[in-house]
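These notes concern the structure reproduced below.
The values are calculated or read from the model by the stated rules, or taken from the named source; none is laboratory data. Treat the numbers as computed from the prediction; the structure is a model and nothing was measured. Here Cβ is always computed from backbone atoms with ideal geometry, including for glycine, and neighbour counts include all displayed protein chains. Areas reflect the complete protein model, heavy atoms only, side chains present, ligands, DNA and RNA absent. Shrake-Rupley method; radii C 1.70, N 1.55, O 1.52, S 1.80 Å.
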Amino acid sequence: MYSASELQSLLDLATSAAHEAGKMLHQRFLDSRGLRIEQKGEGINNLVTEMDTAAEELIRKILAERSDIIFLGEESGGNDDLSRLTWVVDPIDGTVNYAHGLPIWCVSIAAVQENEPIVGVIYNPNLDETFTAIKGAGAFLNGVQITVSTETNFRQSLLVTGFPYNINENPHGTIELFGQILRNGNAIRRLGSAALDLAYIAAGRFEAYWEVSLHPWDVAAGLLLVNEAGGRISSYASGEATQALQATREIVVDRLLATNGKVHDEILQFLLA
Ligand code: IPD
Ligand code: CA
Ligand code: CA
């Protein structure tokens, strides 16, 4: 167990790393001529830019101030076992947007222990929005406390989802589920940044978010934000609430649903169908 001041100092360090990296990324984003972009891993749209790697290096250097904490970053890898205190870092969540000049991307950093995020920060330099949370101490946007939306009507809810890089294989019937919810008449967005999707649930901008095949770095900070803002999280494979990341470097939460809590059961019915 960490004291409130220990947790606050972890958050302060994570926030300064997110801000430093975010500023560097944003500068290059505004003049991205000649940006080196490569394809990586599975899926033709799975991209990595030179800035993903540069931002992760910068974050790693800043976080190294705490030599007692291990590191897991999307680009450079690291610790597989999240039971020990670990920084979990996505240097750019929304790389495809970044590479296309679309200003919907962020830096996401969490400290995770025993598979649970205890500190999290998501920084979106495009809007200068910093989302922060400490386990048990609430969620904040630019220092002001945030809570999930109070909307109870599912059909009037604004939903958001994402598609994994192997969407062509239609994992877990993702395409049909998407169609069914659309046919219900719901408004659905697809922003291309899982971390921002979760931060926006926490801030009450969306009522529900679901996606398959996510990794720890996509969701660690965002899950804490949703919890601390009063939302609800499930794996929709089981319908049960999931807190733990059960993470390995592979897939973390295979089928994730995060909501304001009030429309949770209703959307779960579709996802479990
Ligand atoms: C991706 C984004 C996207 C989600 C993908 C993620 P990346 O992360 O969060 O919204 O649909 O599943 O992999 O590759 O931009 O860090
Ligand atoms: Ca990501
Ligand atoms: Ca990324």
Leaving out ligands, DNA and RNA, what percent of the accessible area of region 146-206 is carbon and sulfur, probe 1.4 Å?
-> 49
Using only C-alpha positions, report the orientation-averaged shadow area of the convex hull of region 17-124, nm², one decimal.
-> 6.7
Note, ³J(HN,Hα) from phi for region 223-235, Karplus 6.51, -1.76, 1.60, rounded to Hz, x at Gly and Pro = 5, 5, 4, 5, 4, 6, 8, x, x, 10, 10, 9, 8
Excluding residues fewer than 8 positions from residue 40 in its own chain, the aspartates and glutamates with Cα under 14 Å of it are 50, 52, 74, 75
Accessible area per residue of the chain at 1.4 Å probe, in Å²?
-> 43
Give me the lysines in straight-line cross-link reach of residue 135: C-alpha distance below 28 Å, same-chain residues under 8 apart excluded.
-> 23, 61, 262
Under 5 Å between amide H atoms, partner at least 5 residues away or on a different chain: which partners does residue 118 have, H built in plane at 1.01 Å?
-> 111, 112, 113
Quick one: length gained pulling residue 61 to residue 158 fully straight, 0.36 nm per residue minus the C-alpha distance?
-> 31.1 nm
Carbon plus sulfur, as percent of the 1.4 Å-probe accessible area of region 90-143, comes to 49
Using 0.36 nm per residue of separation minus the Cα-Cα distance, give me the extension gain between residue 6 and residue 189 in nm, one decimal.
-> 62.1 nm
Given 126-137, 163-174, 188-199, 87-98, the highest-first ranking by average Cβ count within 10 Å works out to 87-98, 188-199, 126-137, 163-174
Region 154-234 - Rg over Rh from alpha carbon coordinates, Kirkwood radius = 0.95
